[in-house]
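Inspection log for the structure reproduced underneath, given as structure tokens.
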Amino acid sequence: MTPNHQIQQYIQQRQFQLAHQALLTRIQQDSSDHQAYALLAELNTVLGNLTKALKIYDKCINLSALPRYYLSAAKLALFTHDPLVAQRYITKLIGTKQLSAIEHDTLANILLRLNQYTDAGRHFQLAYQLSPHIPALALNYAMHLKMSGHIDNAKTLLEVLVKRTPNDAQCQLAYSELSPKHQATARIAELNTAITQQAAPAELQRLHHAVALEYEKQAQYSEAWQHFTASKQAISSLVSYIPEQTTAYFQTLTALLNQPIAFAQCHHIAPVFVIGMPRSGTSLMEQLLATLSLQPLGETSIVPQSLKFSHDYQSNTHNITRAYESAKVTQQYAQFVTQAFTATKRFVDKQPFHFLFVDLLAKAFPNAKFVVMKRDRTDTCIANYRQLYQTNSPFHGYAFRFADIQHMYDESYAFLHCAQHKHPAQIKIVSYESLVNHPCEVMTALCQFLDIVWQEDALQFYKKDYYSATASKLQIRQPLNNQSIGRFKGKYPI
């Protein structure tokens, strides 16, 4: 066993003192041992000393500017809620280093977190081209193709992947989102066999969800619902969500409507925030606005990262209250968008969960506008239940029980109506049903609110190659239609 492997084993076995002592000995013997410093950074990351770990990665880079050190530092910066620092590491890395396939893939995932979709796609492609035989890289490239609108190419690659790796639940789920109806019966049998051979909660979650999608293609809604529920139940033990804490958070938000911020407002940017419950039409609205004169940013994460937003709504309540006293959160947001995007052009930020901070953002950015998408309660709640969300998401803890989804819907829109009353010049609530049934009328009024010009050819948004990493990545490739209105009412036993 090599010295590096020995220390990694110490860390994995939580023998931290032994690992630390061995690393100190190596560094004392050779102060230029960059591998020892990298392991020391890894050790401090495991111990939760994240700021110290980041400084140690800087030492690694000074000793040996290997791509993996830049990438590790950038990932850690994202983890410590500092995307601007992550961006600096990536800027220094891109174009200056020869990367391996795995490093291209890692870089692509970091760029996705930084909302740099074009660059991310290029690195996903490079990773796949360098090592097409690695299933994980092929899957990530296929997902990139799907999110960038190259659906047929994605389907072809995924079909190959599920044949090569039939037990890969991620591949199976990704393919079920695209597979043709005539394959549904065979796929259900294949997926049910895979379920019997699987025990890992996350894998069962994906496989049950894939089966549900196949049953939907056959209009077998009772069976589909059973598997959507099984998907949620497979992972539910890993989800921490307390509805009462969410209620308390919204009560705090409502009280904060009457509290001024204790710092200077930022007038030099005029964002358009598209917000609302997931599956309420936010992606559709983003595409319409992007076809006009607004630059699409996708779903930024600067504000929730800066607020350290998590599934713990008690901590969230404390942090949002403190944010009214300090400009740190809003300054980071303004700095990020100014550096990352064309500052002379207005932009649309489609992070649905910005509604959890809407009052703070409205007060900090007086020139900001907020478009709140609101869709029928039942349609929205079913759509959320049908969506597979990750358990480590800071936002989606509500989405694993149908009653919790209904509760989140009610709390969210009750608060948003209060916020609109407080900020009528900044917040406009748009009905999804009205939008798809009367698009020109709704968009003309909305554009007047946003002070932009409505152009009817914006309804051709589906012909554009916009990148979408959201659950609506397939729907936005279609012309505007009202087929989602009441689509599952009376079909699912809710």
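Answer with yes or no whether residue 467 is at pLDDT below 85, under 20 Å from residue 147 (Cβ atoms), not charged (D, E, K, R) and not in a helix (DSSP H, G or I). Yes; evaluated as a whole, the condition is true for this residue. Of the residues examined, residue 331 is one that is outside any loop (DSSP other than H, G, I, E, B) and open to solvent by 10 Å² or more (accessible area, probe 1.4 Å).
Suppose we filter the stretch 427-454 for residues that are closer than 27 Å to residue 366 by Cβ, open to solvent by 70 Å² or more (accessible area, probe 1.4 Å) and among the polar types (S, T, N, Q); how many remain? Residues flagged as closer than 27 Å to residue 366 by Cβ, open to solvent by 70 Å² or more (accessible area, probe 1.4 Å) and among the polar types (S, T, N, Q) within the stretch 427-454 amount to 1.
So if I check each of 432, 385, 409, which one is in the same structural domain as residue 362 (by the TED database), in contact with an Asp or Glu (Cβ under 8 Å, 6 or more places away or on another chain) and within 28 Å of residue 479 (Cα to Cα)? Show your work before the answer.
Details: 385 fails: in contact with an Asp or Glu (Cβ under 8 Å, 6 or more places away or on another chain); 409 fails: in contact with an Asp or Glu (Cβ under 8 Å, 6 or more places away or on another chain).
None of the others qualify; the one that does is 432.
For the stretch 371-394, the condition holds for at least one residue, the condition being that it is closer than 30 Å to residue 227 by Cα, open to solvent by 10 Å² or more (accessible area, probe 1.4 Å) and touching a strand residue (DSSP E or B) at 6+ places or on another chain (Cβ under 7 Å). Can we say residue 336 is open to solvent by less than 10 Å² (accessible area, probe 1.4 Å) and at pLDDT 95 or above? So residue 336 fails the test.
Which residue is surrounded by the fewest Cβ atoms within 10 Å (Cβ to Cβ), if the candidates are limited to the stretch 234-259 and must be polar (S, T, N, Q) and modelled with pLDDT under 95? Show your work before the answer.
So in the stretch 234-259, the residues polar (S, T, N, Q) come out as 236-237, 240, 245-247, 251-252, 254, 258-259.
The next check asks that each one be modelled with pLDDT under 95; those that pass are 236-237, 240.
Numbers: 236: 14, 237: 9, 240: 12.
Checked the stretch 234-259; the qualifying residue surrounded by the fewest Cβ atoms within 10 Å (Cβ to Cβ) is 237.
Residue 129 meets all of the listed conditions (1) at pLDDT 95 or above; (2) on the phi > 0 side of the Ramachandran plot but one, namely (2). For the stretch 35-57, state whether one or more residues are assigned to a loop (DSSP other than H, G, I, E, B) and more than 30 Å from residue 304 (Cα to Cα). No - not one qualifying residue is present in the stretch 35-57.
Of all residues in the stretch 95-132, those being in contact with an Asp or Glu (Cβ under 7 Å, 6 or more places away or on another chain) and open to solvent by 20 Å² or more (accessible area, probe 1.4 Å) number 0. Restricted to the stretch 194-257, the set of helices (runs of 4 or more DSSP H) holding at least 3 residues that are of a type in the set (Ser, Thr, Tyr) comprises 221-235, 243-256.
The values are calculated or read from the model by the stated rules, or taken from the named source; none is laboratory data. Values in this document were obtained by computation on a predicted structure and should not be read as measured data. We place every Cβ from the backbone using ideal geometry, glycine too, and count neighbours over all the protein chains shown. Keep in mind that these areas ignore ligands, DNA and RNA; they rest on the heavy atoms of the full protein, side chains included. Shrake-Rupley method; radii C 1.70, N 1.55, O 1.52, S 1.80 Å.
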